[in-house]
């Protein structure tokens, strides 16, 4: 199966399970709502009876923000002027490239971990649904598969997390080496190109790991594997054997995500939302952006599942590891078509 065919198959599988997309969107909303309420309450206390609200209704008051930032604690301290527009996208991309997550307040890290565990709980049901489309969908099967595979996906997350940490360690050491090597360099372009090269290498390694572990998740569900170390090896081996197709699928959807981000950057609302209608439109636009991101993420999982199953039907093993740790009696029945 080519990368384009897998992308189309993944999109069809995501569209064929709209309740999953809706459920994951509600999960995002349920996790984000309490956090947003804490920030809103902090902003109300920070503005109080001052005249700062007059400026904030049409522009951003940096003097007020400096005072607020010095007094804010916990989740409230994460509020920045970038949250009023597309700057939040740039902040997230920067943190992904630098791995600068531990510098966040502990409360934010806890919320992120809770969301990650909830996502892993849902993930088993998502991949199970994509892998066995002939089965009748339902919440019992969805959550049953999620619960059965939850701790396996947690172990996979730990393995992938260790590799991510390794990539960030290499990246930080490369930047330290660059600072020493360019200490006497006066041409800014040289430092810029060195930095761009390191950032590019970091991005490639991070996305490569993410792509391989996506196929590892599919192998865990399709083969019902118990050893997550062998599942990870299967994912890396499958990508190594079919690099053009697997990476074409992954980077194809990454390109689609880039177009979605560009669209949001161009249309994201800034400050000056003074009416309820403007606030409603701003909220609707941000939620549409979130739905599109979730759809692309689900489509990638669906495409990876379709590609693995297509190769399995042709008699091609996903890699050189035998299925000695699988449980055939619990594995889902193969679908009749992609």
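Where a number appears in this text, it was derived from the coordinates with a stated rule and is not lab data. On a predicted model such as this, the values are computed, not experimentally measured, just so you know. Cβ atoms come from the backbone with ideal geometry, glycine included; neighbour counts cover every protein chain shown.
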The stretch 151-240: translational diffusion in µm²/s, Stokes-Einstein, Kirkwood Rh over Cα pairs, 20 °C, 1.002 mPa s: 145
Ordering of 158-170, 7-19 by packing [mean C-beta count within 10 Å, highest first]: 7-19, 158-170
Residue 148/residue 12 FRET efficiency (R0 25 Å; Cβ-Cβ; nearest 0.05): 0.45
Nitroxide proxy distance, nm - points 7 Å out along Cα→Cβ at residue 114 and residue 70: 3.2
Inter-site label distance for residue 193 and residue 251 at 7 Å from Cα along Cβ, in nm: 2.2
Full-stretch length increase - residue 180, residue 262 - with 0.36 nm per residue and alpha-carbon distance subtracted: 26.0 nm
Cβ-based exposure ranking for 294, 97, 123, in which fewest neighbours within 10 Å come first: 97, 294, 123
Percentage, to the nearest whole number, of Cα pairs in the stretch 3-313 over 30 Å apart: 43
